[in-house]
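The values are calculated or read from the model by the stated rules, or taken from the named source; none is laboratory data. From a predicted model like this one, the values you see are computed outputs, not experimental measurements. Please note: Cβ atoms are built from the backbone with ideal geometry, for glycine as well, and neighbour counts cover all protein chains shown.
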Amino acid sequence: MLLLNTLKNKLYPVISRYLANATLVNGILKGADKPFRCLFVENSNMMDYVCTQAYASYPRILKKWKAWIPDLHKTIINNSSSFDLCIAVLPKNIGSVLSRVCDFTGDEWVRQYIDTSGKFEEIKKHFHKTKIQVSNQVRHKYGMSYRVSNDLNDFELFYYRMYVPHTKIKFDNQAYIASYEVMKGYFKKGFLLLITTESQDIAGALCVKNDDVLFFRDQGVLDGSEVYVKRGAQYAIYYFTIHYAWENGFKTLDTMKSRSCLNDGVYKTKRDWGATVYADDESDASVYYMIPRFSETISAYFNNNPAIINEEDGLYGLAGWQGAYDIAMLDKNELSKRYFSPGLKGMILLSPTGGKMKMSFDEVSTQGLI
């Protein structure tokens with residue numbers, strides 16, 4: 001059995017360059033009450049994420065098979081009438097094969113950083129207004145403070161009582177739980193920033209130092225308790241970690257990766273704390289979006305599930321537009337208020353009739369939008 005598992009592990013990177021899991025699903029779009037068929041081609045967990053986010057209930061699987069990646073463009077063309085959208089997560093070097101059928105390309109994840117090099121009042125100006133209010137209340141209203149620890153007993157508490165239960169509750173079946181030994185390795189290179197109230201540790205962040213960058217790797221809330229979350233524990237984690245990075249001379253707080261979706265909760269939280277979004281240059285895979293025909297259904301999908309994509313001049317948001325059919329009449333200021341983030345160049349809008357418009361955030365004032 002050990003030999004078989006070893007052989008599988010060695011063969012997987014090679015096989016995954018040529019074969020991918022193809023799954024065709026059908027269900028009702030969340031918030032749109034429209035049937036939607038999506039074809040996923042991947043060797044990742046993108047399908048589970050999208051199905052959970054996009055559908056009113058988990059969609060029905062119509063067909064599953066192994067797709068031969070070098071001929072994937074033929075598969076797309078031959079089956080284009082059977083789906084509304086194809087989302088493929090495949091190696092970056094497959095892009096030339098899919099160039100005839102691919103409409104947009106992005107990364108599965110994006111990076112987000114918070115600049116902590118200036119005066120703290122300047123850093124706070126990049127917070128969303130709700131986070132500015134919260135940061136002013138963390139100590140007095142919520143009665144919270146923090147302490148830094150390198151004690152292994154504190155790490156045991158963090159891993160088993162904070163990180164694991166919080167991650168399971170927050171991400172459910174999509175939760176990825178790093179092993180104790182992996183997390184302990186990070187801890188030995190860094191420290192814990194523990195949130196305290198009434199002499200009790202109720203939450204924490206695992207941080208790692210690297211020159212003038214502080215990595216905010218993971219977080220947790222004691223027993224995953226909603227009581228502590230409602231009392232502002234997660235607000236305190238972000239606020240005090242940002243404050244610690246600034247106070248100790250770190251130029252950047254690296255908040256790690258988030259899903260490349262503008263409505264993703266983790267992405268939005270980091271955005272609201274002033275994070276700038278960057279492309280994930282470490283990734284060896286891309287997300288390919290293939291749209292056989294533009295329609296109200298496609299517009300509705302991207303309206304509720306706006307993605308972050310790569311264009312030649314940088315990162316853009318990709319969203320559906322369901323207001324006026326003439327997207328030239330859209331309210332650009334309202335659109336910027338909804339989606340603007342430092343690091344995003346602008347938006348690409350898809351209308352129900354197939355019209356596309358590329359809008360740069362430079363065209364509108366973004367002062368005070370975050």
Practice item. Quick one: in the range 278-318, of everything that is at pLDDT 95 or above and touching a Pro at 6+ places or on another chain (Cβ under 7 Å), which residue is farthest from C38 (Cα to Cα)? Key: G317
Revision key, fill the gap. Taking the range 104-120 and keeping residues buried (at least 19 other Cβ atoms within 10 Å of the Cβ), outside any strand (DSSP E or B) and touching a Phe, Trp or Tyr at 6+ places or on another chain (Cβ under 8 Å) leaves T116
Exercise for review: Kindly list the number of the only condition in (1) β-branched (V, I, T); (2) crowded, with 22+ Cβ neighbours inside 10 Å; (3) over 24 Å from A178 (Cα atoms); (4) assigned by TED's automatic domain parsing to the domain that holds F171 that fails for V227.
Suggested key: (2)
Check your understanding: Is at least one residue of the range 274-284 crowded, with 22+ Cβ neighbours inside 10 Å and of a type outside the set (A, V, I, L, M, F, W, C)?
Key -> yes
Review point. Any idea which residue in the range 134-159 is modelled with the lowest pLDDT, counting only those that are of a type in the set (S, T, Y) and under 26 Å from the mean Cα position of the chain (by Cα)?
Key: S135
**Study point:** Complete set of residues in the range 136-185 that are surrounded by 17 or more Cβ atoms within 10 Å (Cβ to Cβ) and of a type in the set (G, A, S)
**Key:** S149, A178
Check your understanding: Looking at (1) more than 23 Å from the chain's Cα centre (by Cα); (2) in a helix (DSSP H, G or I), which is the only condition M162 fails?
Key -> (1)
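To keep it simple, each residue is scored yes or no on (1) basic (K, R); (2) in a strand (DSSP E or B).
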{"residue": "I61", "(1), (2)": "no, yes"}
{"residue": "K66", "(1), (2)": "yes, yes"}
{"residue": "S81", "(1), (2)": "no, no"}
{"residue": "I87", "(1), (2)": "no, yes"}
